[in-house]
Each structure stands twice: as C-alpha cells, then as structure tokens.
1. Using a 1.4 angstrom probe and counting only protein chains, how large is the accessible area of LYS40 in Å², to 10?
2. May I ask you to rank ASP73, ASP174, ASP152 by accessible area, largest first, using a 1.4 Å probe over the protein chains only?
3. Give me the accessible area of TRP201, 1.4 Å probe, in Å² rounded to the nearest 10.
4. With every protein chain present, what is the per residue accessible area of segment 138-226 (1.4 Å probe, Å²)?
5. For LYS64, LYS76, write out the residues from largest to smallest accessible area, computed with a 1.4 angstrom probe and no ligands counted.
6. Can you pick out the pairs among LYS53/LYS194; LYS40/LYS64; LYS64/LYS163; LYS40/LYS78; LYS194/LYS217; LYS136/LYS194 whose Cα atoms lie more than 22 Å from each other?
7. Taking the Cα centroid of segment 202-226 and of segment 154-178, what is the distance between the two, rounded to the nearest whole Å?
8. Considering only protein heavy atoms, what is the solvent-accessible area of LYS194 at a probe of 1.4 Å, reported in Å² to the nearest 10?
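The values are calculated or read from the model by the stated rules, or taken from the named source; none is laboratory data. Given the structure is predicted, the values throughout are model-derived calculations rather than measurements. For accessibility, only protein heavy atoms count, side chains too; no ligands or nucleic acids. Shrake-Rupley method; radii C 1.70, N 1.55, O 1.52, S 1.80 Å.
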Amino acid sequence: MMDVILMVVASIFMVVFLSHMFFYWYSRSTEMFGHPENQKVNCYLSEFDFAEKHKIVIHASPEKVFAAIHNFDMRKSKVINTLVFLRSIPYRLNSNREPDKQLPTKLSIDQLTENGSWILLEEVENQEVIIGFAGKFWQQRPTNIQLSSAADFINFNQTGYSKVAWNLYIERNDDGTATLSTETRILCLEGRAKSSFRLYWAIIRPYSGWIRLEMLKMIKERAENH
C-alpha cells in the first residue's frame, strides 16, 4: 500500500515538474525587447530587480487597441481562470484565511484598479496604461498596501515590501498595424524581501508570463474584431 502511495505522489510530482518546465519555456518563447525611453512606466519604476516582458502585433489601430485594453474580460479565458486558481491554492490551504469573497463575473484592467488591489498610475490615451501596487504578495497570506495616488506609489519605501509597476504600451507601425507590449517590473525594498521574492518568482514566473501572453491574445482578438 505504501509503495502505491509513493508511486502516486512521485507521479504527481513529476507531472507538476514537467508542467512547470513547459510553462517556463512557453512563457519565454515570446520575443524579448528593451526598455524604450518614451514609456511612462519609467517615471514610476526606472530601477527594478525583476521584470517580465512580452509583445504582440495587432492588425488594428492604436485607438482600437486602447479601447480593447479597457474592455476585454479576463474571466473569458479558461487558461487565466485555471492559472489564477492554481496560484491561489497555498492561500486556500491556510486555515486562518478570510472567507472567500464572491468573484466578479467580469475582470478587466479597470476593475483591478477599482477594487483597491491596484492603483492607476498614469494613462496616456491610445498609447499607454500603467498600474501598480505594493505589498508582500509572496506570502501565503499576501499583504497589500492601500495606496491612494501615484505620488504614494513613488514615495512608498517601507522596508520588507515590494513595489510592482505594470504597463500596456501601444506603438503605431508604418504598415498600419500596432504593437502592444506589456512589462511588469518589481522592485524589492530590502535584501530579505528580495531573497523571499526570488524564490517566489522562480516558481510563479512561468505562470505569470502565460497569463500575460493570454491577455495580449485576448486584447488582439477584441481589437481586430470590434
């Protein structure tokens, strides 16, 4: 009986390990790029410890892409729903966690900033949207700092926490298409926070990258078909 249990546990571990490696290489398969100086995200986190970057070409105008950024619904993606659920498992296993809140039927960029978990840092019409937050999100029970303004985000410097700036940037191409890029930057505000986040990032980065790739595809589909 014990041998059977060990085989099952080993099989589960192997599936999880192989899935993790697949997600890792899948999320890294997108083309990487530098840090354009004209992006407004540089005003909020010009220096950072970790970053995730992706982009996609969309056969639509920047105006349509910008509208799609504000109107696409992440809840329509089975991939995103599954990855978000898997990411929440450690928190769900915590016996001291708060009761689950009813999930919204729609989840958009605007709703992320409206529910208090993220704050809108800046928006340049038809070009860029930047949101951010601060906290200890690598913990089993994440701690978020309630920020009320972009100035609060810039000035926040509490030891042991991290700051995240996430942008969506639209670039008009000469052939009539638009390139939509997204970058997530993380700054750790103390050595111990950086060490803790490094381990968390090694585990979560492939899934985080996959979520962003799915988001770009959803925005592309909406911009090209609306």
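1. It works out to around 80 Å².
2. Ranked list, largest accessible area first: ASP174, ASP152, ASP73.
3. That residue has around 30 Å² of solvent-accessible surface.
4. Accessible surface, normalised per residue, equals 48 Å².
5. Largest to smallest exposure gives the sequence LYS76, LYS64.
6. Flagged as over cut-off: LYS64/LYS163; LYS40/LYS78; LYS194/LYS217.
7. When both Cα centres are located, 15 Å separates them.
8. 70
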